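Shown next, in structure tokens, is the structure this report addresses.
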Amino acid sequence: MAGGAASGGSASTDTYKEARNWLLLPAWVYLGVFVLIPVIMMLVYSFLTKEFRGGVVWEFSTAAYDQFFFDRGLFGDEPAKIEWTYITIFWRSIWQAAAATLLALAIGFPTAYFIATRPERARPMWVFLITIPYWVNLLIRTVSMKFMLRDTGPLNDVLIGIGLINDPISIINTNFAVQLGLFYSYLPFMVLPIYASVERYNFSLSEAAADLYASKWVTLRRILLPAVKPGVIAGCILVFVPSMGSFLAPDLLGGAKNFMIGSLIEEQFKGNAGNWPFGAAASMVLLSMVLIILMIFARQQAKAEKEVS
Amino acid sequence: MLSLIKLYGEVAMSESREIAIDVRAAVKRYGDFTALKTISLSIYDNEFFTLLGPSGCGKTTLLRMIAGFEDVTEGAIFLYGDPIADLPPNKRPVNTVFQNYALFPQMTILDNVAFGLEMRGQSKSQARKAAGEMLELVQLSQFAARKPSQLSGGQQQRVALARALAPKPKVLLLDEPLSALDLKLRKAMQLELKHLQRETGITFIFVTHDQEEALTMSDRIAVMSAGELQQLGEARDIYERPRNMFVADFIGETNLLEVSVDAINAGRATCHLGGGHELSCNSVEGVNVGAKVHMSVRPERLFMSEGPTDSEGLKGTVRENIFVGTDISTLIDLDDGPKFIVRTSNSDRGNKRIFEPGNEVYVNMEMEAARLLVD
Amino acid sequence: MRRSKYDIKSLPGFFGITILCLFILYAPLVVVTVYSLNDSNSITNWEGVSLRWYVDVFSGHESQKFKIAAWNSFTIAIIAATVATTIATLAATAMVRGGKFKLRTVSFGLISLPLMVPEIVLAVATLIFFNSVGFTRGYATILIAHIAFCIPFAYLPISARMQGIDDSYEQAAQDLYATKRQAFTRILLPMMIPGIISGYLLAFIVSLDDFIITNFVKGAGVETLPTAIFGSVKQGIKPNIMAISTMLLGVSVILVTISYFVSKTDNKK
């Protein structure tokens, strides 16, 4: 490769390499001060003592984490038992997020596949259609979902109207409603990475396979699926992670019985009844989980991409 | 070392001319990879100079080093005596015509051409006036208000040319500017460029991989391969007296024979082929007695006969005739060795015998046609 | 295209599922829009088409609250998007045209950090930060937080666009005696405008729509449109909420459409 012809090729170059530190400075400063430091502060706060009316007293204590995992009785002097309440909430969050992800995969994969196999000029339009809802306020989308699923809402009206059921079914305030809400919120995130993966897939490969008498389904399973694995993995992460930490869906659609991590954390910072260090601790636990998941999946994805090439 | 002196020797013959670009022992490395392995050459003032070679040979790298887009790892470059290797491109009075033209899409043609002048400090109106004159020179004045995307490929090319010439650079660099044009347009532009160079008197350094293009346009050609300079000289010189296998093969077509040198007397070498057949031709520097070298003969310097004419004829069987309009190329399998191509022009048809596939034929060389190669 | 039985491009049922997907995505929005035109005080009974709720938004008893909230939302969005786009453009220039340097991967990680971290974690962290430095919560804190998470949204389209621009233009500019700064401002920046606009619009929408972070850092006195809507919904879904939601929905759709067409025009160059 002789220095790259002046006609181009790579457009990632080093034209401004002298100025780059200055160019990056604003981003570094702003994000360092208003994102990195806050996260570090959050870590610090999780090790402090709670102040009665919210806020903290600057005294080191592991009470927050302790409270999260262990039950020491009402007065704190009994031998430690595992505190299941919060762990349950955590577990439920994972469950709900997983269910929403599966739902998104079931609907999202065929959709992405379909769009990617449309004629090239039509694809951007399809993609556009899929992404518009995402740019509508999440709150509004969740509210509209709430509106639809109410006992007296349109969905029930329709189901009764077409004779499927006689009495309105109570979907709101159930697990399923929350899953539905999460699925609805992040569905485009499942579709887009899979779409990108399938689009990159070289369909002439499967035509070559067809030449060798492989049937449709065999081709699909052994050649296409491995190739789109990275996209599927990315889509799953992009739905699972935000779902886990979600607040609006469980709050508006799940009611009191469906507390998830997001609601738990939010509660700690509201008004005077909150426990800031506890909230910070719960956030740290959530953050750690998310980072671990991200790392695992990132490794999976890197492996899957190597297989493709 | 010897070859370096020989190179300089060819150049030194015309010392009276001013040197526009002097490249001294330039080396270019990217990490472990060496793109240019010590290149030295001089380019004269008011010369149409071409860097010729296959892709990857380093010709574009050298051009970019002269323009200032690549650092010089080792060595020096002089522009009319001033060292420029450390100067950024915007401080070198050298302009480039890029392969993809790189016309600024959001500006009109006029503003594109005026850009260099504006950057040099002229006011917008001054620059536009001078740009207008430049557009007249390339006959594109009527498009002055258009954007580049509204012009054809050939027109864009002329705009790129005008833009690069407007600031009156000392040297103009052209990086395969004609490669995107179709054949007829390309041939027209080749002549136009040549005339432009004569008219403006600016030194043109032209990069191409097309040897016919190089032969058509250039005063001198530097043939490069794998980061090294293979041969430097005038077009005719390079064609008729190639120094090594690469040059002989890359420029035009040639036939190659492996020969052993038996004796060298008064500048003539006597050699023999594998089957014992004897040949003689001019000797070249660097070839010694007993050496096994290649001999190159151009197809158009050969002629065929039914029977042996004199001792230089080679016997063979005709395989195929290829009609290429102006000539007929005859492919022959020699008894003694490789496949030969003989090119016969289509003039004087009545008097020439056409040899059909399967015919036996003798291949004869014209005087001084054969050339020994040093590699 | 041959529709042989070996053609895996058309798989059975996938078209139907796609339509179902689109239906699921759009149905709730359509329903809200339709019901916002309901001429009834209750949201359950349909009593004919009317724009009265839209009127109510602007002049009803809650209208003052919503007007202030809307003002806050839009002004914050404009300022946040502007600052974020500026920072993002500079950063993108360094990342895309700055060569390979050691901090490059880390920088990219930092820039995309707000995207990777769950929003609620970011909200908590930001709240804690303001609390620890004694910053009173209000308009300013909302703005500061918004700029932070708008940066990656502005960055992505800008960076993508810049990568798509061949560097031969800037080289040509320098060849014609432009300094690097001139090459940047006269040549690169104008070519980037579609990307910058895209980035700006994205940042704007994201700021306009944000709820969780805003809710955490806003303090008691300030409302933005989403937080005002949320507060109202908690008391029960009323028709004027539908109207506001539809309007906000309309704004988002318009902005996304503009962004889409902007990016399409430049691809035709």
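Bear in mind that the values in this text are calculations on the coordinates, not laboratory data. This structure is a prediction, so every number in the text was calculated from the model and none was measured. For neighbour counting, all protein chains shown are included, and Cβ atoms are generated from backbone atoms with ideal geometry for every residue, glycine included.
Structure above, values below:
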quantity	calculated
Model label zone, C:LEU115; criterion: amide N under 16 Å from point 7 Å along Cα-to-beta-carbon; scope the range A:227-249	A:231, A:234-242
Label-to-label distance, nm, for residues given as A:ALA273 and A:ARG121 (7 Å Cα→Cβ offset)	6.1
Neighbour-count ranking [beta-carbon atoms within 10 angstrom, fewest first] of A:TRP95, A:TRP276	A:TRP95, A:TRP276
Simple label model, 7 Å out from Cα along Cβ direction - A:ASP66 to B:ASP327, nm	9.7
Relative packing of peptides B:94-101, B:241-248 - highest average C-beta neighbours within 10 Å first	B:94-101, B:241-248
Residue exposure sequence - C:TYR155, B:TYR80, A:TYR86 - by fewest surrounding Cβ within 10 Å	B:TYR80, A:TYR86, C:TYR155
Estimated FRET transfer efficiency (B:LEU185, A:ILE40; beta-carbon r; R0 56 Å; 0.05)	0.30
Environment charge of B:PHE33, counting only residues whose C-beta is closer than 15 Å and scoring Lys/Arg +1, Asp/Glu -1	-2
Calculated [θ] (222 nm, deg cm²/dmol) that DSSP helices of n ≥ 4 give over the protein assembly as shown, each run adding -39,500 (n - 2.57)	-16500 deg cm²/dmol
Point-to-point label distance, C:LEU22-B:GLU258, nm (Cα→Cβ direction, 7 Å offset)	6.9
Around B:LEU178: net Lys/Arg minus Asp/Glu count, Cβ-Cβ under 11 Å	-4
Sorted by Cβ density within 10 Å, fewest first, the residues B:CYS271, C:CYS150	B:CYS271, C:CYS150
Chain C: relative contact order as a whole-number percent, Cα under 8 Å and 6+ apart	29
Three semi-axes of the equivalent ellipsoid, the range B:4-245, Cα gyration tensor, whole Å, largest first	30, 20, 17
Surrounding net charge for B:ASN46, when Lys and Arg each add one and Asp and Glu each subtract one, Cβ distance under 10 Å	-2
Sites B:ASN265 and B:GLU234, calculated FRET efficiency, Cβ-Cβ separation with R0 35 Å, nearest 0.05	0.75
Förster radius 41 Å - calculated FRET efficiency between B:LYS168 and B:ASN359 (Cβ-Cβ, nearest 0.05)	0.10
Three-way shape call for the protein assembly as shown based on the alpha-carbon gyration tensor, with the a/c threshold at 1.5	prolate
For the range C:52-128 and the range B:321-364, distance of Cα centres in Å	78
